[in-house]
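The values are calculated or read from the model by the stated rules, or taken from the named source; none is laboratory data. A quick note: this is a predicted structure, and the numbers were derived from the prediction, not measured. Here the Cβ positions follow ideal geometry from the backbone for every residue, glycine too, while neighbour counts run over all protein chains shown. Heads up: the accessible areas ignore ligands, DNA and RNA and are worked out on the full protein's heavy atoms, side chains in. Shrake-Rupley method; radii C 1.70, N 1.55, O 1.52, S 1.80 Å.
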Amino acid sequence: MNKTVVEIRNVDFAYDDILVLKDITLTVEDGSFLGIVGPNGSGKTTLLKLILGLIHPLRGSVRVFGQAPERARPSIGYVPQHAEIDSSFPVSVMDVVLIGRLGKAPLIGKYRKIDMEMAEEALKEVEISELRTHRFGTLSGGQRQRVFMARALVGRPEILLLDEPTVSIDGRVEQDIYELLKKLNKKATIILVSHDLGFISTYVNQVACVNRSLVCNPTENVTSDVIGACYGGPVHMIKHKCEL
Amino acid sequence: MFEFIHVLQNQAFMQNAVIVGLLAAMACGIMGTYVVTRRIVFISGGISHTVLGGMGAAYYYGFNPTHGAFVAAIIAALLIGFVSLRYHQHEDTLIGALWAVGMAVGILFIYNTPGYNVDLMSYLFGNILMVKRESVLFVACLDLVIISLVALFYKRFLAVCFDEEYSRLQGVSVEGTYLLLLCLVAATVVMLIQVVGIILVIALLTLPAATARYFSQSLGKMMILASMFGAVFTTSGLVISYNQDIPSGATIIVVAGLAYIMATALKGLASRFRSYNKK
């Protein structure tokens with residue numbers, strides 16, 4: 001039996017008075033590749049932020065490696081949705097990746113040699129070493145996503161959280177990114193949020209549908225009925241392989 | 001021009017003016033880079049205008065107005081920083097209120113100060129030719145503090161300005177870093193008030209950095225370039241204002257503004273030219 005890395009129990013969460021998540025219970029085991037799907041505004045990103053400890057549940061508990069999420073952060077890598085970043089900011093790719101070492105580098109002064117080496121290594125892992133001196137703002141959507149993945153990997157995480165990693169990226173690049181994630185899954189547990197259900201189902205080995213509450217049990221096979229219940233209507237399904 | 005050099009060689013007031021201009025340019029290049037990239041221009045405007053309250057109070061109670069300005073600037077930075085972190089949704093309204101109230105308090109203090117009435121205009125628009133030798137020393141010390149703190153916290157400031165959420169995940173105190181950054185902006189504002197006065201500070205804080213941004217690949221290079229632009233703007237503005245016998249602060253800002261507009265146009269033309277060539 002694999003050990004549990006993330007354990008969410010009976011969690012409610014509300015922004016002001018609006019209940020976004022209701023009674024969510026979800027466990028993620030070591031080595032899984034979990035896809036969290038659901039329509040826009042269904043609380044997928046909120047669920048990720050709860051796992052990161054950026055926000056706290058109204059009710060219920062979130063444990064990562066049996067600890068409070070804040071304490072587990074050094075072992076979590078996070079790839080945010082890139083829409084929130086100012087693209088005119090004058091930073092190089094290397095600068096951005098190094099931010100992933102900030103928590104482990106000394107408080108004051110420069111990054112150490114080891115931090116630089118690990119950043120180089122992370123860039124190599126996501127196959128964009130040649131971009132290291134480029135200005136971040138000049139990169140394409142797919143390249144930016146890889147930079148953020150390198151930034152998440154540079155802290156040597158045991159869990160990798162990704163929020164819509166393929167939004168605003170064309171299909172072929174999307175496939176490359178999923179192939180890369182498949183490779184990374186050998187070393188880390190991956191939790192990925194997507195509104196695009198069809199594509200991720202060929203890569204993930206667990207699916208959780210979120211629409212305020214958790215509609216489908218992630219340990220069962222996903223059928224079109226369950227997905228339909230999640231989106232509130234029939235959804236065109238492509239191939240589903242939920243092997244467990 | 002020769003007349004200016006002659007005065008510079010022989011007159012202490014002109015030497016002080018040039019030195020303060022150059023020292024202030026260094027700070028405005030470094031902190032201006034953060035102000036422009038982190039988009040805290042309005043917050044910096046709020047800090048600089050609130051300072052008049054402190055200057056007025058210091059003047060009323062018989063202290064050095066520059067020291068009053070420094071204390072007021074730090075208080076304003078912490079207050080405005082707190083407002084922007086805590087009441088993000090009403091940030092602009094609250095900062096606008098502090099901005100105006102700070103100025104009003106300053107004017108009331110100055111009005112009620114007995115005896116010879118201070119030249120309000122020189123606080124508002126600055127007079128670099130009136131800078132004293134002791135102010136030069138004060139400005140140099142502030143420069144040293146700003147440069148060393150930025151050197152120590154460079155990677156942290158960069159991370160917080162670029163991606164606040166990710167910095168928080170790295171265990172960085174985003175609030176503390178942000179408040180420290182605003183205090184350094186406040187120190188820079190006090191310095192720049194000597195050069196161009198309260199009302200024009202925001203231009204000198206943003207224009208050199210905004211111009212440098214067009215030509216910079218990294219934050220560090222942007223700081224160096226912005227400091228160099230700042231030095232050119234203050235010195236050339238000073239020369240022109242002396243030769244034409246016009247106000248120095250306003251001349252410096254007009255020079256900086258024109259340079260920024262030219263750089264913007266140049267950048268626009270260059271990108272047009274590139275896309276034209278691609279076709």
Next on the checklist: Test of understanding: extend the Cα→C-beta vector of B:SER236 to 7 Å, then name every residue of region B:102-136 with backbone N under 14 Å from that spot.
Outcome noted: none
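Can you send over the carbon and sulfur percentage of the accessible area for region B:164-279, probe radius 1.4 Å, protein chains only?
Carbon with sulfur: 68 percent of the solvent-accessible area.
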Checklist outcome for this item: Checked region A:127-206 with the C-alpha gyration tensor, a ≥ b ≥ c its square-rooted eigenvalues, rounded below a/c of 1.5, otherwise prolate if a/b is larger than b/c and oblate if not; verdict oblate
Checklist outcome for this item: If amide H atoms are modeled at 1.01 Å from N in the peptide plane, then the residues at a separation of 5 or more from B:GLY126, or on another chain, having amide H under 5 Å from its own are B:GLY197, B:ILE198
Checklist entry - For region A:61-217, with the dipole built from +1 on Lys and Arg beta-carbon atoms and -1 on Asp and Glu ones, taken about the Cα centre, which of A:LEU107, A:LEU160, A:LEU184 lies farthest toward the positive end? => result A:LEU107
Next on the checklist: Need one word for region A:1-43: rounded, prolate or oblate. Basis is the Cα gyration tensor (sqrt eigenvalues a ≥ b ≥ c); a/c below 1.5 gives rounded, then a/b vs b/c decides.
Outcome noted: oblate
Item to check | Cleavage-rule hits (trypsin sites (Lys or Arg not before Pro)) in region B:31-104: DSSP loop, at most 15 neighbouring Cβ within 10 angstrom | outcome: B:ARG39
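Loop-only check: which chymotrypsin sites (Phe, Trp or Tyr not before Pro) in region B:20-120 are DSSP coil with at most 12 other Cβ within 10 angstrom?
Here the chymotrypsin sites (Phe, Trp or Tyr not before Pro) that fit, given the DSSP loop and packing criteria, are B:TYR61, B:TYR87, B:TYR116.
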Item to check | Where N is the number of residues in region B:73-150, Cα Rg divided by 2.2 N^0.38 Å | outcome: 1.44
Checklist entry - At a 1.4 Å probe, which residues in region A:58-91 are at least 40 Å² less accessible with all protein chains present than in their chain isolated? => result A:ARG73, A:TYR78, A:ILE85, A:ASP86, A:PHE89, A:PRO90
Checklist outcome for this item: So for R0 = 45 Å, FRET eff. of B:VAL101-A:LYS187 from the Cβ-Cβ r, to 0.05, ends up at 0.20
Checklist entry - What size of dipole, in debye to the nearest 20, comes out for the protein assembly as shown about its Cα centre when the only charges are +1 on Lys and Arg C-beta atoms and -1 on Asp and Glu C-beta atoms? => result 900
Checklist outcome for this item: When the charge dipole of the protein assembly as shown is computed with +1 on Lys and Arg Cβ and -1 on Asp and Glu Cβ about the Cα centre, the Cα farthest towards its positive end, among B:ALA69, B:PHE229, B:SER241, belongs to B:PHE229
Item to check | Long-range HN-HN contacts of A:ASP163 with modeled amide H, under 5 Å | outcome: A:VAL79, A:GLN81, A:VAL193
Checklist entry - What part of the accessible area of region B:6-97, given as a whole %, is carbon or sulfur when the probe is 1.4 angstrom? => result 65
Checklist entry - Looking at region A:1-76, which trypsin sites (Lys or Arg not before Pro) are in a loop (DSSP not H, G, I, E or B) and have at most 14 other Cβ atoms within 10 Å? => result A:LYS3
Checklist outcome for this item: For A:LEU58, the residues 5 or more places away or on another chain with a placed amide H closer than 5 Å to its own amide H are A:ASP12, A:PHE13, A:ALA14
Checklist outcome for this item: Taking a ≥ b ≥ c as the square roots of the Cα gyration tensor eigenvalues, with a/c under 1.5 meaning rounded and otherwise prolate when a/b beats b/c or oblate if not, chain B comes out oblate
Next on the checklist: I'd like the Karplus ³J(HN,Hα) series for region B:29-44: coefficients 6.51, -1.76, 1.60, θ = phi - 60°, whole numbers in Hz, and an x wherever there's a Gly or Pro.
Outcome noted: x, 5, 6, x, 4, 5, 4, 6, 6, 7, 6, 10, 5, 5, 4, 5
Checklist entry - How much accessible area per residue does region A:94-182 have, in Å², with a 1.4 Å probe? => result 42
Checklist outcome for this item: With +1 on the Cβ of every Lys and Arg and -1 on the Cβ of every Asp and Glu, the dipole magnitude of region B:175-278 about its Cα centre, in debye rounded to the nearest 20, is 620
